[in-house]
Structures are given as C-alpha cells and as structure tokens.
Amino acid sequence: MNFCSDNATGVSPEIMAAIAAANYGTVSSYGDDEYTKGLQVKFSELFETSVTVFPVATGSAANALSLAVVTPPYGAVYCHRESHINLDECGAPEFFSGGAKLVTITGNHAKIEAETLEKSLARAGVGVVHHVQPAAVSITQATEAGTIYTPAEISQISEVVRHHNLHLHMDGARFANAVASLGCSPADVTWRAGVDILSFGATKNGAMAVEAVVFFNEKLGNNFPFYRKRSGHLFSKMRFLSAQLSAYITDDLWLKNAAHANQMAAKLAQGLAGVEGVIFCHPVEANEIFIQLPESVIVAVLAEGFQFYRWDKCTVRLVTAFNTKEEDVIAFVEAVKRYQ
C-alpha cells in the first residue's frame, strides 16, 4: 500500500525479460551494439521524425547533460520554481553546464505560462555583460504538481523561446503519463510543438534504471557523447540500458503502463472527491495527487500501513504506478473516510 512514489515500484516483467535476453553472448561495448543502434530507428518511428537518442541511467543525468549542451557557463536556464531541476537535482544542471544559472518563474499548478516567460525574458538584460544570458527554457511534462501541458500550451511557450533565439528542453520523467492522458501522438507534444530536446523517462514507469536523451534538433546532439562520457554515463555494457528502452516502447508498453497508473490515480481522486476534510491542491491529470488532510487523518492512515509523502504539514502526495493494485486504492479511500 505504497503511494510514496512510482520510483518505489519494481520492474515490468517485459523489461526484466528483455534484460535477461540481452545477457546472452558477447557484443561490442560502449554502445556499439545492435540494441543501442536499433534505438535510433525505433525512436524515430515512435516520434515520426529522425531523432538522435542517447541512453543514460538517471533522470538527473538526462536533464543536466541536456541543458549543459545548450547552455554556456554564463548562460541561464528558465524553469518553473517547483521544477525538478530547480529543487531536486542537487545543483547538477549548474555543475555540468560549468556554472550556468537557473532563473525561476512562477505559475499556477507548476506550469509556466508563455506570457509570464515573455515578461521575464524581456527584462533579462540580453547583451549586458553584468547579467547571465538566456540560453534555454525547460518545462516538465507531466509537472511536479501532476498537471499536463497541452500541445497548444507548449507551442505558445515555444513561440516565445524562438523569438528570443533560445532552445526548449522538456523534462519528461513522467512523459508517458502525459501522453497517455492527452491521448495524442508523442510527436504532438514534442518536436511539432517546438521542443528541441526531451529527457524521455522510463524508470518511473516500469524500467529498472534507464532514461533517454532524445534530440529532435539533431545538430544539438553532436557534442553530447563527450558530455555523457565525461559525466560517467557512457556505460561499457550499454546493451542492458538499451534493451530496457527497446522493450519499453515495443507494443506500446510505455503507454499501457502509464495508462494503468493514470487510471488508478483517477479512481483514487474520484473516491476522495467530496469526502469531508479532503482538499485537492491541483487538478488530477496524470498519476500524482496532492491533497490536504486533517492531521488526525494523516496519522491514523499512516498507522494502518499506508505509505505516502508529506509535502508540508497537512499536504500529502499520492503517486500511483504501473502495478498499483485497485484494491489498495479502494482501501486507502475507505481508510480516509473512516477517520473523518
């Protein structure tokens, strides 16, 4: 009955089987293998355009190295105040870019709005030697509040980004949940909407340990191999990362896993809606729920063995995953009701 995080779950059987299958025989090292080479074709088919793909082991690496490629040491990355790169990367984007600054922007439900971004960039001091220079914008899909950018919203942000000659990065740790919720093509919320680089998440959605950096603007990826090697993410046995990604996108496993997680979150939200004392902090659009509960209810539910994170004193986060059980969802709702 663990609703702490989708990182707390195990591995999808299909992905575990793919890892085991990749364990036979010998192949070339450092990505010069059939599993890794095949990703270029598979991801290009998935996104309906030619892309360059680089497997890495963590989301922190995917985000930090992606931004380092497009941001000089004197540059600035514009992101939401609640974004993962700002709050939860331990300075990795700043470190791997050689000292670039993160400039934070506010916005409802952890989303950047194009108008607010434009105002912030307009007063950035472009060309002024005393100020860091805007280089990139990073948005999170789905956001840290569990909300989702629509293709139209991303396009509006992209227009601002292009107007200022910047690059647009998407932190897609829960990209699958967003696409499953929107019911659109992954292309519609990435390159067609103006995204240059995507950190394509898999670990939170059934993989063992792998993310992919996807370059839609392929020229931007020319130097990425050196950033990846220097950071320690060029794995000698790269086939085991690539095999995970290949299985992940085969037969839409990534979307099936995400759809289940989203459905469990929706069922959880439906059950809690209208319960006295339950206040929703954000719309429930993917697989995260943020609610306020009375302290007495939080203590009582935790005592029953349910697990979740406190976001602040009376706000808790509930996260569902690809293997969340419906009976656990029902049990949580019933427990909350019991202690009202």
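The values are calculated or read from the model by the stated rules, or taken from the named source; none is laboratory data. The structure presented is a predicted model; accordingly, all values stated were derived computationally and were not measured. Cβ placement follows ideal geometry from the backbone for every residue including glycine, while neighbour counts extend to all protein chains displayed. Areas reflect the complete protein model, heavy atoms only, side chains present, ligands, DNA and RNA absent. Shrake-Rupley method; radii C 1.70, N 1.55, O 1.52, S 1.80 Å.
Details
- In this structure, ILE112 does satisfy being surrounded by 21 or more Cβ atoms within 10 Å (Cβ to Cβ), touching a Cys at 6+ places or on another chain (Cβ under 9 Å) and within 19 Å of PHE290 (Cβ to Cβ).
Every residue, every condition in (1) β-branched (Val, Ile, Thr); (2) open to solvent by 10 Å² or more (accessible area, probe 1.4 Å); (3) out of contact with any Ser or Thr (no Cβ under 8 Å at 6 or more places or on another chain), yes or no:
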{"site": "ALA122", "(1), (2), (3)": "no, yes, yes"}
{"site": "PRO134", "(1), (2), (3)": "no, yes, yes"}
{"site": "ALA142", "(1), (2), (3)": "no, no, no"}
{"site": "GLY146", "(1), (2), (3)": "no, no, yes"}
{"site": "ARG162", "(1), (2), (3)": "no, yes, yes"}
{"site": "ASN165", "(1), (2), (3)": "no, yes, yes"}
{"site": "ALA187", "(1), (2), (3)": "no, no, no"}
{"site": "PHE200", "(1), (2), (3)": "no, no, yes"}
{"site": "MET208", "(1), (2), (3)": "no, yes, yes"}
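- Extreme residue, most open to solvent (accessible area, probe 1.4 Å), among residues of the range 310-333 that are modelled with pLDDT of 95 or more and among the acidic types (Asp, Glu): GLU327
- Those residues of the range 168-185 which are in a loop (DSSP other than H, G, I, E, B) and either touching a residue at least 12 places away in the same chain (Cβ under 8 Å) or open to solvent by less than 10 Å² (accessible area, probe 1.4 Å) (or both), in sequence order: ALA173, ARG174, CYS184, SER185
- Residue under evaluation ALA57, criteria (1) among the small types (Gly, Ala, Ser); (2) open to solvent by 10 Å² or more (accessible area, probe 1.4 Å); (3) under 15 Å from LYS229 (Cα atoms); (4) more than 17 Å from the chain's Cα centre (by Cα), criterion not met: (4)
- Near pairs, Cβ below 7 angstrom, 6+ apart or cross-chain, from the range 313-340 (basic (Lys, Arg)) to any residue that is open to solvent by 30 Å² or more (accessible area, probe 1.4 Å): ARG317/TYR309; ARG317/TRP311
- Restricting attention to the range 211-241, the residues that are open to solvent by less than 40 Å² (accessible area, probe 1.4 Å) and assigned to a helix (DSSP H, G or I) total 6.
- Within the range 205-230, tally of residues that are touching a Leu at 6+ places or on another chain (Cβ under 6 Å) and among the small types (Gly, Ala, Ser): 1
- Residue list for the range 60-86, restricted to those being in contact (Cβ under 8 Å) with a residue 60 or more places away in the chain, open to solvent by 20 Å² or more (accessible area, probe 1.4 Å) and not in a helix (DSSP H, G or I): PRO72, GLU82
- Only one entry of GLN307, GLN244, GLN270, GLN292 meets the criterion of being in contact (Cβ under 8 Å) with a residue 40 or more places away in the chain and open to solvent by 70 Å² or more (accessible area, probe 1.4 Å), and that entry is GLN307.
- Here is the figure for the range 281-306: residues that are within 22 Å of GLU327 (Cα to Cα) and within 22 Å of the chain's Cα centre (by Cα) total 8.
- Top-ranked residue of the range 1-41 - restricted to ones that are assigned to a loop (DSSP other than H, G, I, E, B) and among the aliphatic types (A, V, I, L, M), ranked as surrounded by the most Cβ atoms within 10 Å (Cβ to Cβ): ALA22
- The number of residues in the range 186-210 that are assigned to a strand (DSSP E or B), of a type outside the set (S, T, N, Q) and farther than 12 Å from ILE154 by Cβ comes to 3.
- Apart from one condition, LEU302 fits all of (1) open to solvent by 60 Å² or more (accessible area, probe 1.4 Å); (2) in contact (Cβ under 8 Å) with a residue 12 or more places away in the chain; the exception is (2).
- Test: residue in the range 80-98 that is touching a His at 6+ places or on another chain (Cβ under 9 Å) and basic (Lys, Arg): no
- The single condition from (1) touching a Cys at 6+ places or on another chain (Cβ under 6 Å); (2) under 15 Å from PRO225 (Cα atoms) that LYS37 fails is (1).
- Top-ranked residue of the range 42-54 - restricted to ones that are in contact (Cβ under 8 Å) with a residue 24 or more places away in the chain and outside any strand (DSSP E or B), ranked as surrounded by the most Cβ atoms within 10 Å (Cβ to Cβ): VAL51
- Just one of (1) open to solvent by less than 10 Å² (accessible area, probe 1.4 Å); (2) under 24 Å from VAL214 (Cβ atoms) fails for PHE95. It is (1).
- Residue within the range 13-27 that is small (Gly, Ala, Ser), modelled with pLDDT under 95 and over 16 Å from the mean Cα position of the chain (by Cα) present: yes
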